[in-house]
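Participant: Quick one: structure below, then a few questions.
What follows is calculated from the coordinates using simple rules that are stated; it is not laboratory data. What you see is a predicted model; the values in this text were computed from it and never measured. Cβ coordinates were reconstructed from backbone atoms using ideal geometry, including for glycine residues, and neighbour counts include every protein chain displayed.
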Amino acid sequence: MPLDDKDGVMLDELADAIVSRRLATAALFFLESMRPLSFIGSQMMVFFRPFVALVWANPLRWDHLQRVLEHRDGVEALAIRLEARM
């Protein structure tokens, strides 16, 4: 699944938020170690969606992130964005 511009903007915002909290190294380690399980992780996001909807103002962003991270291309794109910001 190729990423479109909307996906890229969302991943850029996520990468900026991770870097601003100084969690880029931990996030990269997590992404690289969990890459083979990206689909299972995205399905866990589907499971937790009702709980997220209770506390998160915009659960549609959660759904968008879940769809992007469901594919390995999305995980790779996030890792590249994090590496570029370190």
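Participant: Once you have a ≥ b ≥ c as the square roots of the Cα gyration tensor eigenvalues for the chain, tell me rounded if a/c is under 1.5, and otherwise prolate or oblate according to whether a/b is larger than b/c. Show your work: numbers first, answer last.
Facilitator: Values: a/c = 1.43, a/b = 1.29, b/c = 1.10.
Cα axes put the chain in the rounded bin.
Participant: Another question, then. Using the Cα atoms of the stretch 32-82, I'd like the radius of gyration and the largest Cα-Cα distance, Dmax, both in angstrom.
Facilitator: 11.4, 31
Participant: Order of V19, V46, V55, V68 from fewest to most other C-beta atoms within 10 Å? List each step's numbers first, then the result.
Facilitator: Values: V19 17, V46 13, V55 7, V68 23.
Neighbour counts put them in this order, fewest first: V55, V46, V19, V68.
Participant: Would you calculate a helix-derived [θ] at 222 nm for the chain, using -39,500 (n - 2.57) for each DSSP H run of n ≥ 4 and dividing by the full residue count, to the nearest 500? Could the numbers behind the result be given before it?
Facilitator: Details: 5 runs with 70 residues, N = 86.
Mean residue ellipticity, 222 nm, calculated: -26000 deg cm²/dmol.
Participant: Assign unit charges at the C-beta atoms only (+1 for Lys and Arg, -1 for Asp and Glu), then state the dipole size of the chain relative to its Cα centre in Debye, rounded to the nearest 20. Before the final figure, lay out the partial values.
Facilitator: On the way: 10 positive and 12 negative charges, 65 e Å.
Taking the Cα centre of the chain as origin, the dipole is about 320 debye.
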